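The values are calculated or read from the model by the stated rules, or taken from the named source; none is laboratory data. Everything numeric in this text was worked out from a predicted model, so none of it was measured. Just the protein is used for accessible areas: all its heavy atoms, side chains included, with ligands, DNA and RNA removed. Shrake-Rupley method; radii C 1.70, N 1.55, O 1.52, S 1.80 Å.
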Amino acid sequence: MTKIYKKTSGNGSLCLYLGRRDFVDHVERIDPVDGVLKIDPSALNGRKVWVQLACAFRYGREDLDVIGISFRKDIWIKRIQMYPFEGTKPPNTPMQDALLKKAGDQGHPFTFDIPVHLPCSVSLQPAPEDAGKPCGVDYEVKAYIANEENEINEKVDKKDTCHLIIRKIQYAQNELAAGPKTDLNKQFITADKPIHVEASMEKELYYHGDPIPIKVKVNNETSKVVKKIKISIHQITDVLLYSSDKYHKCVLNEEFGDQINANSTFEKEYRVTPLLANNKEKRGLALDGKLKDEDTNLASSTILLPNMDTQMQGLAVSYKIKVTLMMGGGLLGSLTLSDITAELPLVLMSPKPAEVTDINLE
């Protein structure tokens, strides 16, 4: 059974129907946003009805909007006049045919095509004391009654509107790239020979919540002793729309008490799992877009087409893994100049769900 998402305006004249709220970005194309708007023309009094899809970037607290400071920037907006209808209607999708059965004779289908260069839904984790909508990128389908298409030029009563938040999301691709590998040699001034580190993974892409195996090989030809090995995973969020800010958040930091003696070799596979549950207190951490109070996860890696306008992305998320050989001498696990760090790229995403072929609405 497919759940229906619906929202009715305060005056009861409009009702939005959607059969889903997650729309998949396949990189080369994006699922169309197909819905139905039920319109009761008896209370319009000569006014018109529009439906719009807006992609916006919120980069400040919502409560400050009240005092005239807006921290919301519309990245993209598309509007369709629904009543009286203007233009040509595309063929109905199977989802719209199913929704029209629920909406009845007053139902009107609408379809939005999201451009491929727009960002995915991402929210930044607020602090416990923060109120209102979180910062980030969101998508909203909104229907409203007005005299003019651009509602900014007139006061639209809240009871004449209804809206639903949707998400634009990316899933892991079927074609997986080969696993990354990095080699690093470090020569100490006091040693004739170097210490060699190799870190590798079987693949570059892993699903949220799955353990990530990392192979570490060390050839220590020096007289120094490696006290322990630390593995950390870092999330890098590039804020591309209003500035060139870059935020680094460590989402996993584990130390292993494996000692590597002088003039010896070492090989071991470590398994680590970065989880949002272990990072709930980190303000500004990028998460996959949320719908109400539903659970979410760490933000998925952003996959871009070549030569894409990155400024339109709003937020771009990437990850890297650091494997550090800790030579000792630091305080409370802190790094020292003699420590050796190898880095690996990581793509973190959700698996693609099974496609729904038969639409049966609740």
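Annotation: amide H-H contacts under 5 Å for residue 228 (H modelled 1.01 Å from N, sequence separation of 5 or more, or interchain): 326.
List, in the order given, every pair from 158/280; 142/320; 215/282; 73/158 whose Cα-Cα distance in the structure shown is over 31 Å. From the list (158/280; 142/320; 215/282; 73/158), the Cα-Cα distance tops 31 Å for 158/280; 142/320.
Counting protein heavy atoms only, the stretch 15-62 has 41 percent of its accessible area on carbon and sulfur, 1.4 angstrom probe. Shape class of the stretch 72-214 from the alpha-carbon gyration tensor: prolate, with a/c at 1.5 or above and a/b greater than b/c. The H on the amide N of residue 297, modeled in the peptide plane, is under 5 Å from the matching H of 288, each at least 5 residues off or on a different chain. Tell me, what % of the accessible area of the stretch 95-243 is carbon and sulfur with a 1.4 angstrom probe? The computed percentage sits at 48. Given a 1.4 Å probe and the protein chains as shown, residue 149 ends up with an accessible area of around 90 Å².
Taking a ≥ b ≥ c as the square roots of the eigenvalues of the Cα gyration tensor, the stretch 148-248 is classed as prolate, since a/c reaches at least 1.5 and a/b is larger than b/c.
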